[in-house]
Amino acid sequence: MKILKVNMTEGKIESIPVPEGKALGGRGMIIHLMNEYGSATVHPFSSEALFIMATGILGGSAAPNAHRISVGGKSPMTGGIKEANAGGNVGFKLGRCGFQAIIAEGKSDEWMVLKVTAGGASLEPAGDIVGLKNYDACDKLRGRYGDKVGIAIIGRAGEMKMINSSVAITDPEAGLVATVLAAEWEPSWEPKA
């Protein structure tokens, strides 16, 4: 497995080995890389700040729950290192491409899509995606790259650097259990026919 290091300022992408003796995944990998590259002490919106995505150590395998992915960086809300974990197909697909993590650093003058394949990665213009709602943006990206892609997207809140924004991860078999929880708070709720 390798780590994909993306310099957004220079448009440079390199593949680096996972640090020897660091059998870390997800949150552990994010914390290690944040400290390794000194990003734990910088302002969240500075060009030195990192954004990291990391699979679990079994990412890309057929092991149960191995398809999860963690995203993290310096939190603009708390000032600490923040990690969030998600299901979906991005962690699996990233692992199948041979990557355990992505490190994004620097700042681009343009909105970009990072396209990752088993053969490597490339940065492509994303101006036509900016401002779209997440579902519309994902539909447009699937039209460009095919229906079997995994997508991680920041959405409009992320584009506006809102401190409570999140990264949305595609999941072709989403169960939408939040509606079940919502129904628990309103016992009289009945589905409409």
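The values are calculated or read from the model by the stated rules, or taken from the named source; none is laboratory data. Every value quoted in this text rests on a predicted model; they were computed, and no experiment measured them. Note that each Cβ is placed from the backbone with ideal geometry, even for glycine, and that neighbours are counted across all protein chains shown.
Values for this structure:
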item	result
Count - residues of the range 8-55 that are under 18 Å from residue 108 (Cβ atoms), polar (S, T, N, Q) and free of Cβ contacts under 8 Å to residues at least 24 places away in the same chain	1
Residue count, the range 29-55 (criterion: over 14 Å from residue 6 (Cα atoms) and of a type in the set (Phe, Trp, Tyr))	1
Members of the range 81-108 that are more than 21 Å from residue 125 (Cα to Cα) and not small (Gly, Ala, Ser)	81, 82, 83, 85, 89, 92, 93, 96, 97, 99, 100
Tally, over the range 42-67, of residues that are more than 26 Å from residue 10 (Cα to Cα) and surrounded by fewer than 20 Cβ atoms within 10 Å (Cβ to Cβ)	8
Filtered residue count, the range 132-157, keeping only those that are in contact (Cβ under 8 Å) with a residue 60 or more places away in the chain and at positive phi	0
Strands (runs of 3 or more DSSP E) contained entirely in the range 10-104, each with at least 2 residues that are modelled with pLDDT under 85 and either hydrophobic (A, V, I, L, M, F, W, C) or within 27 Å of residue 160 (Cβ to Cβ) (or both)	none
Flag if residue 61 is of a type in the set (Gly, Ala, Ser) and in contact (Cβ under 8 Å) with a residue 60 or more places away in the chain	no
Among the residues listed as 93, 22, the single one being surrounded by fewer than 19 Cβ atoms within 10 Å (Cβ to Cβ) and of a type in the set (Lys, Arg)	22
Residues of the range 94-116 satisfying the condition of being of a type in the set (Val, Ile, Thr) and under 16 Å from residue 54 (Cα atoms)	102, 103, 116
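Matching residues to (1) loosely packed, with under 10 Cβ neighbours inside 10 Å; (2) modelled with pLDDT of 80 or more; (3) assigned to a loop (DSSP other than H, G, I, E, B); (4) of a type in the set (A, V, I, L, M, F, W, C):
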{"position": "109", "(1), (2), (3), (4)": "yes, yes, yes, no"}
{"position": "122", "(1), (2), (3), (4)": "no, yes, no, no"}
{"position": "139", "(1), (2), (3), (4)": "no, yes, no, no"}
{"position": "142", "(1), (2), (3), (4)": "no, yes, no, no"}
{"position": "148", "(1), (2), (3), (4)": "yes, yes, yes, no"}
{"position": "158", "(1), (2), (3), (4)": "no, yes, no, no"}
{"position": "166", "(1), (2), (3), (4)": "no, yes, yes, no"}
{"position": "179", "(1), (2), (3), (4)": "no, no, no, no"}
{"position": "187", "(1), (2), (3), (4)": "yes, no, yes, no"}
